[in-house]
1. Could you go through the stretch 356-371 and let me know if any residue there is open to solvent by 40 Å² or more (accessible area, probe 1.4 Å), farther than 19 Å from Arg284 by Cα, among the β-branched types (Val, Ile, Thr) and assigned to a helix (DSSP H, G or I).
2. Using the structure shown, decide if Arg190 is basic (Lys, Arg), open to solvent by 20 Å² or more (accessible area, probe 1.4 Å), in a helix (DSSP H, G or I) and at negative phi.
3. If you go through the stretch 329-336 one residue at a time, do you hit one that is outside any helix (DSSP H, G or I), open to solvent by less than 20 Å² (accessible area, probe 1.4 Å), under 30 Å from Leu39 (Cβ atoms) and not aromatic (Phe, Trp, Tyr)?
4. Out of the stretch 239-288, which residues are open to solvent by 20 Å² or more (accessible area, probe 1.4 Å), β-branched (Val, Ile, Thr) and touching a Leu at 6+ places or on another chain (Cβ under 8 Å)?
5. Please go through the stretch 47-66 and give me each residue that is surrounded by fewer than 17 Cβ atoms within 10 Å (Cβ to Cβ), closer than 24 Å to Gly130 by Cβ and of a type outside the set (Phe, Trp, Tyr), ordered by number.
6. Could you tell me which residue of the stretch 337-348 is least open to solvent (accessible area, probe 1.4 Å), considering only residues that are touching a residue at least 40 places away in the same chain (Cβ under 8 Å) and under 17 Å from the mean Cα position of the chain (by Cα)?
7. If you check Ala70, Ala29, Ala42, which single one turns out to be open to solvent by less than 40 Å² (accessible area, probe 1.4 Å), within 30 Å of Arg126 (Cβ to Cβ) and either among the polar types (S, T, N, Q) or modelled with pLDDT under 85 (or both)?
Amino acid sequence: MPSNSSTRRGDPVPYTQKYLKRREAIIGASARLFNRDGLKGATLAEIARNVGLLTHSITYYYRRKEDLAAACLLAAIETTKAVVIEAARESRPEDRIRSYVCGYADLLAEIATGARDELVFFNDIRALTGSHARRVFDAYNDLFRSVRSLLPCSESAEDRLSRNARAHLLLSLVNMMRAWISRYEPSDYRPAAERMSAILIDGLARSPKSWREGGAPELGWPRAASARDVVPEAFLRAATMMVNEQGYRGASLERIASSLNLTKGSFYHHYASKEELIIACFERTFDVVRRMQSLAIERSPSGWVRLCSSARELVRFQLSDQGPLLRITAWGALPLGQRKDAQAGLNRLTERFGRFFVEGMEQGQVRVHDPSIAAQLVSTMVNAASELPRWTPGITAENAVRLYVRPLFTGLLSVDNSIVANSPAVRT
C-alpha cells in the first residue's frame, strides 16, 4: 500500500516496492488481455483474476478500466521510445535504422521467452477519450518525433514532407513486426530484423534507377454499378473511415449513419449487425487488394513491375475519394473465428506480394532479400497509408508515391530520394 507517514500535505505519495510490483503485474496481465480482446472488450474482472485479485481490489491501483488502458499504452510507448533513444546514439543514419529495428526485435524476443511482460498493441489507441486520449496521443506524437530524428534531413520544405512520410513508414513497419515475427524462433528474431534492416536501408530494387513512378492511376476500382449499390458502398466507406479513425468500439452505427445523413434504421436494410458491417469492410478491402494485384499480373510479365504498380496504385487508392482500406488492426475486435479468417485472407494477399518479389529476383530486377519479410513490409506499407494525412500534412494521392512508396523500393536513405546519407540527425 502507499505509505504517507513521512510526507507533507501536497507532496507526492511514495509507493512501496510491493505496490509497484503489483501494479507492473496488472499492466502486464492487462496488455495480454487488451491485445486479445481489445481495449473495450477486456474486463476488469478478468484482469483481476489473472493477477489473483478481486475486481474491487484492482480499483485500488486503477480506478477505471480507461485509467488502466492509458497506463498500458503509456508503458508501451515509453518502452518503445527507449529503443529509439538507444538507436539515436549511432552516428550514421543506416546504423540508427538498424539499431532501432534490431533493438525492437530483441524486445519482442524477450516478451516471447517470458523475460519481459507483454506490451499492449497500439491498435485501439483512438478508443481513448478525454484527458487519457490527450496524454497518450502526446506521448505517441513524441515517439513519432523521436523516430523521425533517426533520419537525415535538410532544410527544404519538400524534404520536411518527405521526412515525415518516411518516419511514418519506418514507425509503422517496426510496430507491425509483432504481426509476423512470431513465426520465427525467438533466437531468430534478430537475424530476421537484420534482413528487414537491409531492405529498409538498401531498398528492394537492384538499381534505384529502375523505379518508375507512373503517371495517372493505372489500375482502377469499379464504382457502384447501380443506385442499389450506392448506399451499401457508402456504408462500407463510412464505416471503414470511422473504424480507422476511432477504433471499432468508437465507430457506432449512429455515427456512421449520421455521417451519411441517414438514420440508424436505414442501416438495417443492408446489414444485420455492426459485426456483419465490419466483416463486409474487410471483404471490400481484400477485394480491392486482390483486384489491384490481379490487374498487375494481367498487364505485365515483370515481377518488379507487378510489385511496383500494385503497391503504388493501392496507396493512391487509400488517399482517393474511393478509399480508404480498413486498417488491419481492426480485426482485434472481431470474434476469434472471424479474426482468424481475416488474418488468413491478409496472409494470402501478402504471399502474392512475395510471389512478385521472387519473380523480380529471378528476372534480375530485385535485390536478393528475404521474400517473406519483403512481402510483409509491402503489405504493411500499403495498410499504413490510410494514416498518412495525419502524420504528413500536405500528402496527396499524387505525391504519396514519391514521398512514401518509393523509399521502401529504393531505400530510406537513397540519394535518389534527395536525402544526403551522411546528414546529421536532428533532435526534435
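1. yes
2. Values: basic (Lys, Arg): yes; open to solvent by 20 Å² or more (accessible area, probe 1.4 Å): yes; in a helix (DSSP H, G or I): yes; at negative phi: yes.
When the stated conditions are applied, Arg190 passes them.
3. Looking through the stretch 329-336, at least one residue is outside any helix (DSSP H, G or I), open to solvent by less than 20 Å² (accessible area, probe 1.4 Å), under 30 Å from Leu39 (Cβ atoms) and not aromatic (Phe, Trp, Tyr).
4. Answer for the stretch 239-288, where residues must be open to solvent by 20 Å² or more (accessible area, probe 1.4 Å), β-branched (Val, Ile, Thr) and touching a Leu at 6+ places or on another chain (Cβ under 8 Å): just Ile279.
5. Thr55, His56, Thr59, Arg63, Arg64
6. It comes out as Ala342.
7. On the way: Ala70 fails: either among the polar types (S, T, N, Q) or modelled with pLDDT under 85 (or both); Ala29 fails: either among the polar types (S, T, N, Q) or modelled with pLDDT under 85 (or both).
Residue meeting the stated conditions: Ala42.
One line per residue, one yes/no per condition, for (1) open to solvent by 20 Å² or more (accessible area, probe 1.4 Å); (2) over 30 Å from Ala25 (Cα atoms):
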| site | (1), (2) |
| --- | --- |
| Ser131 | yes, no |
| Phe137 | yes, no |
| Leu150 | no, yes |
| Ser162 | no, yes |
| Ser182 | yes, no |
| Glu194 | yes, yes |
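The values are calculated or read from the model by the stated rules, or taken from the named source; none is laboratory data. Because the structure is a prediction, the values reported are computed rather than measured. Heads up, the Cβs are rebuilt from the backbone with ideal geometry, glycines too, and the neighbour counts pull from every protein chain shown. With ligands, DNA and RNA removed, areas are computed over all heavy atoms of the protein, side chains included. Shrake-Rupley method; radii C 1.70, N 1.55, O 1.52, S 1.80 Å.
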